[in-house]
């Protein structure tokens, strides 16, 4: 939540809409107060479908600290020319870059 909270505050300052994905519904209100445009609870179903519900054509940028299946689902929510940054592997499982590349 610390990183997500920082990004939420930065999004307010710089004026971009931020979607935060969390696995803890108790954090939703705090992240919204800090400036997140939307907060998605990953425990409520498909991340991809929840993002699609608020962004019909996908997101411009995604930042992933989890990796594995979660990171791959997040990458699929990108627009075709979107940017994906992976900076951690909280899941312990790397993203399958070959599979992600073949998706596009």
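The values are calculated or read from the model by the stated rules, or taken from the named source; none is laboratory data. Computed from a predicted structure; not experimentally measured. Note that we place each Cβ from the backbone using ideal geometry, even for glycine, and neighbour counts take in every protein chain shown.
Could you count how many residues in segment 30-47 are surrounded by fewer than 12 Cβ atoms within 10 Å (Cβ to Cβ) and modelled with pLDDT of 95 or more?
Result for segment 30-47: 1.
Could you say which residue among 75, 62 is touching a strand residue (DSSP E or B) at 6+ places or on another chain (Cβ under 7 Å), assigned to a helix (DSSP H, G or I) and not assigned by TED's automatic domain parsing to the domain that holds residue 21?
Among 75, 62, only 75 is touching a strand residue (DSSP E or B) at 6+ places or on another chain (Cβ under 7 Å), assigned to a helix (DSSP H, G or I) and not assigned by TED's automatic domain parsing to the domain that holds residue 21.
Answer with yes or no whether residue 81 is assigned by TED's automatic domain parsing to the domain that holds residue 95, closer than 25 Å to residue 100 by Cβ and over 13 Å from the mean Cα position of the chain (by Cα).
yes
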